[in-house]
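The values are calculated or read from the model by the stated rules, or taken from the named source; none is laboratory data. Keep in mind it's a predicted model, so treat the numbers as computed, not measured. Because the Cβ atoms are built from the backbone with ideal geometry, glycine has one as well, and the counts that use them run over all protein chains shown. The protein model used for the area step is the full one, side chains on, heavy atoms only, and it has no ligands, DNA or RNA in it. Shrake-Rupley method; radii C 1.70, N 1.55, O 1.52, S 1.80 Å.
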2 protein chains.
Amino acid sequence: MDPIDFYFDFISPYAFLASTRIEQLAQRHGRTVRWHAFRLGVTVVKVMGLRPMLETPLKGDYTLKDVARVAKMMGEPLVSPITLPDPRPAARLLYSVSTQRRGEFAKALLRAQWAGGLDIGKEEVLRGVAGELGMEPAAVDHALRDPGPKEALAAATKSAIDRGVFGSPTCAVGTELFWGTDRLWLLDLYLSAGERYIPFERQAQAVLGVHLQ
Amino acid sequence: MDPIDFYFDFISPYAFLASTRIEQLAQRHGRTVRWHAFRLGVTVVKVMGLRPMLETPLKGDYTLKDVARVAKMMGEPLVSPITLPDPRPAARLLYSVSTQRRGEFAKALLRAQWAGGLDIGKEEVLRGVAGELGMEPAAVDHALRDPGPKEALAAATKSAIDRGVFGSPTCAVGTELFWGTDRLWLLDLYLSAGERYIPFERQAQAVLGVHLQ
């Protein structure tokens, strides 16, 4: 069975929210999760020709309110006010560790930023988070200066775009993409139905406000 | 209790899908629905400075696939391939009828376009749909030529923007906005909780893929 490819940018608070659920979701369907940091700055601004979301009139204000209420509904703490980190150092750190450990690092880094109120754009913060996961400061320094992780981030961004990914978070299973924390339910239903979209009357009652009587 | 203001553009297939559910949802919470056509061409392109969604790289392709699967899950027919009508004539027709009849006209026009495969940008199609609702061809002609409905559409678009609305469909209740057919569930939960966002463990199990055991 295909794994769930979880594409995200550390700059995205919605990615943090989805990161708290994706592994349980995958386990329920006997899937594994592969974690891929990519750069929204490339997809949104360069490829799509749009403005960064929070700098877009109307949508920026909506998004700030929306992410707070989704966090509340999910029972997850979320820092306020939202300030965006430089996501590149954390992404480079992620690509310096083995694929097996990426979920652990991604979740810890997202939580440090978005629930902990730390700035993961700062090297000392990365050292602290990495230290708690047993990584030496020298290894963090190397990750941030070595060209390897930097190239891996660029390659992952290209690979995401080739697959059609543009937003964070996006879950991909085979050729299907599910963009947004608020589409985890659709992914869940899709996998429950054996990778098909069929009318789910009872679940739809909850998810789409459809009461059938 | 505040009504549900349903903002939409006839150019949006997601608006059709939401239009099939919004009144049942409102009734469950003892609310009324007020129907407001507005112009995405103004909000997205002029105010937000973005490209039309289907002309945006990556997002255009994603959206075409996504709306088809949401339709499938909701059990609603959706025309394929998607071709976008000029939404202005239908919106002008809408603003020529009394507020009491707007829901009926909006739903019929959206269905004609998005399930029936008709082109509601064409006057003869509008005459057909309006005729089934008991409106005379002369009244349709007048609606499309009279400056009143045209001005009402421009005023409604301005009023939507003033409230923070930018996408179709958007439901507004008081100061809260719910953008997207896939946010009807959030509106439903918000109204169920007395206009608050609180952790909904059991509902969240369905809507956000959270299994709590």
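What the table below lists for this structure:
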| item | result |
| --- | --- |
| Residue satisfying all of: in segment B:201-213; out of contact with any His (no Cβ under 7 Å at 6 or more places or on another chain) and either more than 9 Å from chain A (Cβ to nearest Cβ) or surrounded by fewer than 23 Cβ atoms within 10 Å (Cβ to Cβ) (or both); modelled with the lowest pLDDT among these | B:GLN213 |
| Conditions (1) touching a Ser or Thr at 6+ places or on another chain (Cβ under 7 Å); (2) buried (at least 17 other Cβ atoms within 10 Å of the Cβ): number failed by A:TRP35 | (1) |
| Segment A:132-147, residues that are exposed (fewer than 13 other Cβ atoms within 10 Å of the Cβ) and in a helix (DSSP H, G or I) | A:GLU132, A:ALA138, A:ARG145, A:PRO147 |
| Unmet requirement for A:ARG92, which otherwise passes all of (1) in contact with a helix residue (DSSP H, G or I) (Cβ under 6 Å, 6 or more places away or on another chain); (2) open to solvent by less than 40 Å² (accessible area, probe 1.4 Å) | (2) |
| Residue within segment B:43-56 that is surrounded by fewer than 21 Cβ atoms within 10 Å (Cβ to Cβ), over 18 Å from B:ALA112 (Cβ atoms) and of a type in the set (Ser, Thr, Tyr) present | yes |
| Test: residue in segment B:120-130 that is assigned to a loop (DSSP other than H, G, I, E, B), of a type outside the set (Asp, Glu) and open to solvent by 30 Å² or more (accessible area, probe 1.4 Å) | yes |
| Verdict on B:PRO81 being out of contact with any Lys or Arg (no Cβ under 8 Å at 6 or more places or on another chain), more than 29 Å from B:ASP162 (Cβ to Cβ) and open to solvent by less than 70 Å² (accessible area, probe 1.4 Å) | no |
| Subset of segment A:56-87 [part of a loop (DSSP other than H, G, I, E, B) and facing chain B (nearest Cβ under 7 Å)] | A:THR56, A:PRO57, A:LEU58, A:GLY75 |
| Test set (1) among the hydroxyl-bearing types (Ser, Thr, Tyr); (2) crowded, with 19+ Cβ neighbours inside 10 Å; (3) under 26 Å from B:VAL45 (Cβ atoms) - B:TYR190 fails condition number | (3) |
| Filter result for B:ALA156 (touching a strand residue (DSSP E or B) at 6+ places or on another chain (Cβ under 6 Å), open to solvent by 10 Å² or more (accessible area, probe 1.4 Å) and assigned to a helix (DSSP H, G or I)) | yes |
| Some residue of segment B:38-46 being touching a strand residue (DSSP E or B) at 6+ places or on another chain (Cβ under 6 Å), assigned to a loop (DSSP other than H, G, I, E, B), at pLDDT 95 or above and of a type outside the set (A, V, I, L, M) | yes |
| Residues within segment A:107-127 that are touching a residue at least 60 places away in the same chain (Cβ under 8 Å) and under 20 Å from A:PRO147 (Cα atoms), tallied | 1 |
| Those residues of segment A:148-160 which are within 13 Å of chain B (Cβ to nearest Cβ) and in contact with a helix residue (DSSP H, G or I) (Cβ under 6 Å, 6 or more places away or on another chain), in sequence order | A:THR157 |
| Test for B:ARG34: is it on the phi < 0 side of the Ramachandran plot, among the basic types (Lys, Arg) and assigned to a helix (DSSP H, G or I) | no |
| Some residue of segment B:3-19 being under 30 Å from A:GLU195 (Cα atoms) and either open to solvent by 50 Å² or more (accessible area, probe 1.4 Å) or free of Cβ contacts under 8 Å to residues at least 24 places away in the same chain (or both) | no |
| Those residues of segment B:15-26 which are hydroxyl-bearing (Ser, Thr, Tyr) and either in a strand (DSSP E or B) or within 12 Å of chain A (Cβ to nearest Cβ) (or both), in sequence order | B:THR20 |
| Hits in segment A:88-103 (condition: outside any loop (DSSP other than H, G, I, E, B) and either farther than 21 Å from A:CYS171 by Cβ or touching a residue at least 40 places away in the same chain (Cβ under 8 Å) (or both)) | A:ARG88, A:PRO89, A:ALA90, A:ALA91, A:ARG92, A:LEU93, A:LEU94, A:TYR95, A:SER96, A:THR99, A:ARG102, A:GLY103 |
| Selection status of A:THR63, free of Cβ contacts under 8 Å to residues at least 60 places away in the same chain and open to solvent by 50 Å² or more (accessible area, probe 1.4 Å) | no |
| Residue within segment A:132-153 that is under 16 Å from the mean Cα position of the chain (by Cα) and touching a residue at least 24 places away in the same chain (Cβ under 8 Å) present | yes |
